[in-house]
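Report on one structure; see the data block that follows.
The values are calculated or read from the model by the stated rules, or taken from the named source; none is laboratory data. Owing to the predicted nature of the structure, the values given are computational and were not obtained by experimental measurement. Here the Cβ is made from the backbone with ideal geometry for all residues, glycine too, and neighbour counts use every protein chain on show. The protein model used for the area step is the full one, side chains on, heavy atoms only, and it has no ligands, DNA or RNA in it. Shrake-Rupley method; radii C 1.70, N 1.55, O 1.52, S 1.80 Å.
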Amino acid sequence: MALIFSLVVGMFLCLTPTQAAAEGETFTVGFDAEFPPYGYKDDKGEYVGFDLDLAQEVCNRKGWTLVKQPIIWDSKDMELDSGSIDCIWNGFTINGRETQYTWSVPYVDNSQVVIVRKDSDIQKLSDLKGKTVVVQADSSALAAFQGDDATEENKALAASFKNLQQTADYNSSFLELESGMADAICMDIGVANYQLKTRGDAFRMLAERVSSEKYGIGFKLGNTALKDQVQNVLYEMKKDGKFDEIAKKWGLTDSVCLDVPQAEVTEEGRKFTVGFDAEFPPYGYKDDKGEYVGFDLDLAQEVCNRNGWTLVKQPIIWDSKDMELDSGSIDCIWNGFTINGRETQYTWSTPYVDNSQVVIVRKDSDIQKLSDLKGKTVVVQADSSALAAFQGDDATEENKALAASFKNLQQTADYNSSFLELESGMSDAICMDIGVANYQLKTRGDTFRMLAERVSSEKYGIGFKLGNTDLRNQVQKTLLAMKADGKFDEIAKKWGLEDSVCLSADDQYIDKENAEETSALPGQQNKGIDWGFMLRELAAGMGKSLLVFALTLLFAMPLGLLLAFVRMSRFKVVQWIARIYISVMRGTPLMLQLIVVCFAPYYVLGIPLNESYRFVAVILGFSLNYAAYFAEIYRAGIQNIPNGQREAATILGYSRVQTFHRIVFPQMVKNVLPPVTNEIITLVKDTSLASVLTYLEMFTIAKQIAATYANLIPLFVAGMFYYVFNFVVAFVMELIEKRLSYYK
């Protein structure tokens with residue numbers, strides 16, 4: 001347990017990103033340890049290379065301690081995002097990755113070249129047709145053939161290959177080339193020159209180049225403070241000759257280009273990645289043609305058109321929006337995103353939509369006003385404005401009292417689930433944004449209606465990462481231009497939101513420096529985790545998960561045995577019914593089965609449901625699914641018993657029931673214990689799928705807490721809960737297996 005706690009604490013410390021190093025601090029460089037001459041392990045067991053020498057000189061001049069951190073190249077982004085490294089410095093190509101990192105200026109010009117065996121008949125690039133070409137995974141060479149910026153010539157060349165093979169490192173690449181498993185390797189020219197020098201005359205380089213590129217140092221997106229410190233030292237090294245001295249040492253004199261500073265990222269042609277909830281019409285959703293559309297996406301597209309950017313529409317899980325933004329995988333959250341209560345958590349555009357929280361009920365409901373919600377089950381989307389209106393720090397006393405009067409305030413993952421629950425009778429009302437409510441009422445016919453009273457009023461804005469004012473200002477400037485020439489209102493009218501827009505040049509930005517004047521949540525962005533609260537909530541959630549686990553085993557294990565008997569029946573019709581059932585249960589997602597079990601009684605049979613059926617549906621769905629798996633395990637265990645034992649029992653006068661009870665069943669139990677243990681352990685983890693029916697088990701609670709604190713620690717702690725319980729399960733099952741060892 002102490003080891004697990006230490007691991008969690010260690011991960012927590014790793015999740016605190018480094019912004020700028022001070023004198024005496026460590027500077028951790030992530031590099032591929034099999035990428036000479038930029039970074040590798042020499043014959044003395046030391047990590048050396050051109051980039052590592054540069055990094056060491058930077059540290060010497062800054063008074064830092066250099067930490068050389070070898071990384072798996074495929075995991076470089078996770079290493080950087082988690083804060084376990086400060087930068088990626090290892091012949092790291094800028095081209096094609098301009099918007100994914102905060103870059104230093106380029107310091108090496110590099111080309112992609114092709115290496116073949118010396119006796120190969122390949123003389124030029126066109127000779128690679130029908131050949132197997134090897135590249136390193138996630139490398140510049142791979143991007144040169146398949147990346148977004150790959151030339152048409154290179155794409156056509158790659159299409160002519162027999163196979164474009166990816167390896168984890170260049171040692172593997174040369175093993176494949178030397179053994180004849182591959183015909184050529186495409187790689188950086190600096191690395192290629194080193195490899196040719198090191199490996200003797202067994203290989204040669206083609207004269208033609210595949211592509212040209214530039215190397216830079218990649219920092220976490222937004223970490224300009226540390227980038228500037230490192231870059232300034234590099235300039236000093238260039239001026240006093242130390243940079244060129246190190247380049248000459250590693251044979252890269254002709255490749256360096258640091259004396260030509262360039263802008264980090266060219267604005268024209270950049271990608272603009274918008275994060276949005278794909279189930280939130282009319283702001284953003286997938287239409288019947290499979291396209292992502294909506295009011296906010298139309299606005300974003302027009303902004304991109306006017307700035308010469310490429311729009312990337314990135315659907316996100318709403319609970320994970322902060323982690324998506326903090327990691328740099330999206331540039332902003334633009335999806336009916338409420339400013340109120342979040343003023344200090346993001347860098348905001350000015351408000352562009354006035355919005356209110358309203359209540360939707362069934363048309364025949366006796367609920368006419370908000371006070372009628374007393375004793376009712378009300379549904380809201382997780383981490384939504386509606387939830388904040390009832391439970392947030394800015395919630396009014398009236399709304400808090402109203403929420404306290406509910407029978408249950410239920411959270412769902414999306415509005416489709418909310419309406420399924422409302423229509424089936426499992427809930428009594430939904431609280432949601434008025435813009436979304438109007439769209440849903442229009443789309444779903446006259447089955448529902450909206451209460452006249454409003455729960456709260458709010459405003460929508462575009463949320464950027466805290467401090468990213470440059471991008472916010474450019475987007476805001478474009479929006480105001482669209483408002484001035486009428487395009488903004490034209491898009492609003494298209495989506496029926498013309499009465500809701502409020503974009504004005506007079507509105508003030510909500511930035512960190514003036515957040516105290518506009519926010520009721522001072523210091524929200526620095527809020528630490530309340531460990532007592534988190535552990536209490538997770539423990540309560542674990543109790544619910546264990547209840548699902550225990551009841552599922554109670555029903556699924558005997559049901560599986562019965563199903564196994566049916567599956568082995570001599571009657572073909574009965575046998576085929578069991579086979580079809582098992583095939584369906586094992587061949588379709590458990591999540592889908594839970595939804596069917598929950599809502600089929602209403603939508604297929606017309607049986608009204610109530611809130612208490614939710615838990616029944618969870619247990620029923622899990623039991624029916626796991627019974628199918630247990631049935632096949634039992635069947636294998638029974639059929640594994642030799643027929644001779646059954647024949648001997650018959651000679652001794654045992655009935656079929658006695659034979660099974662006294663001879664077959666005990667041996668079957670011992671034989672199936674290992675696979676049954678695997679299924680039981682899987683069940684512990686699968687209990688998290690109960691969240692699809694808005695049953696708040698532990699992992700769902702962990703995700704909600706993680707979203708609240710914008711921190712992954714609750715998820716790691718939840719993982720520890722799962723691990724400890726699975727350890728106990730495995731230990732108990734192993735004891736049972738040992739007790740049955742006399743059947744050897």
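List of remarks:
- Sparsely packed chymotrypsin sites (Phe, Trp or Tyr not before Pro) within segment 64-140, loop by DSSP, other Cβ within 10 Å at most 15: none
- Shape box of the chain [Cα atoms, principal axes, largest first, Å]: 90, 82, 51
- About the centre of its Cα atoms, the chain shows a dipole size close to 3760 debye [charges on the beta carbon of Lys, Arg (+1) and Asp, Glu (-1) only; nearest 20 debye].
- The largest accessible area among L157, L479 belongs to the first residue in L157, L479, and the rest follow in falling order (1.4 Å probe, all chains).
- Rolling a 1.4 Å probe over the protein heavy atoms leaves K131 with an accessible area of roughly 50 Å².
- Near Q165, the amide H atoms lying under 5 Å from its own belong to V133, V134, V135; only residues 5 or more places off or on other chains count, and H is placed 1.01 Å from N.
- For segment 24-88 and segment 568-590, distance of Cα centres in Å: 56
- A simple charge model with +1 on the Cβ of Lys and Arg, -1 on the Cβ of Asp and Glu and nothing else charged puts the dipole of segment 547-674 at about 400 debye relative to its Cα centre.
- Length added when fully stretched, A600-T447, from 0.36 nm per residue minus Cα-Cα: 53.2 nm
- In segment 342-444, lysine pairs closer than 14 Å at Cα, eight or more apart or cross-chain: 4
- Phi-based couplings in Hz for segment 552-568 (Karplus 6.51, -1.76, 1.60; Gly and Pro marked x): 4, 4, 4, 9, 6, 5, x, 5, x, 5, 4, 5, 5, 4, 5, 4, 9
- Overall dimensions of segment 316-430 by Cα: Rg and Dmax, Å: 15.6, 48
- 16 Å Cα-Cα reach of K197 towards lysines, excluding residues that sit fewer than 8 places from it in its own chain: K118, K248, K249
- Stretched out straight at 0.36 nm per residue, the stretch from E632 to T26 would grow longer than its current Cα-Cα span by 212.6 nm.
- When each of the peptides 549-558, 412-421, 376-385 is scored by the mean number of other C-beta atoms lying within 10 Å of its residues, the order from highest to lowest reads 376-385, 412-421, 549-558.
- Of the GluC sites (Glu not before Pro) in segment 423-502, the ones in a loop by DSSP (not H, G, I, E or B) with at most 14 other beta carbons within 10 Å are E453, E498.
- Backbone amide hydrogens, once placed in the peptide plane, bring F448 within less than 5 Å of K363, excluding anything fewer than 5 places away on its chain.
- Taking only protein heavy atoms and a 1.4 Å probe, the accessible area of the chain is 54% carbon and sulfur.
- Rolling a 1.4 Å probe over the protein heavy atoms gives the chain an accessible area of 46 Å² per residue.
- Packing, as the average of other Cβ atoms within 10 Å across residues, places the peptides 284-292, 578-586, 211-219, 46-54 in the order 211-219, 46-54, 578-586, 284-292, highest first.
- Residues whose amide H lies under 5 Å from that of A182, counting only those 5 or more places away or on a different chain, are L177; hydrogens are built 1.01 Å from N in the peptide plane.
- Net charge in the neighbourhood of D366 (other residues with Cβ under 13 Å of its Cβ; Lys, Arg +1, Asp, Glu -1) is +3.
- Cα-projected label distance for A156 with D74, points at 7 Å along beta-carbon direction, nm: 3.3
- In this label model, S741 and S371 are separated by 7.2 nm, measuring between points 7 Å along each Cα→Cβ vector.
- Nitroxide proxy distance, nm - points 7 Å out along Cα→Cβ at V669 and D489: 7.9
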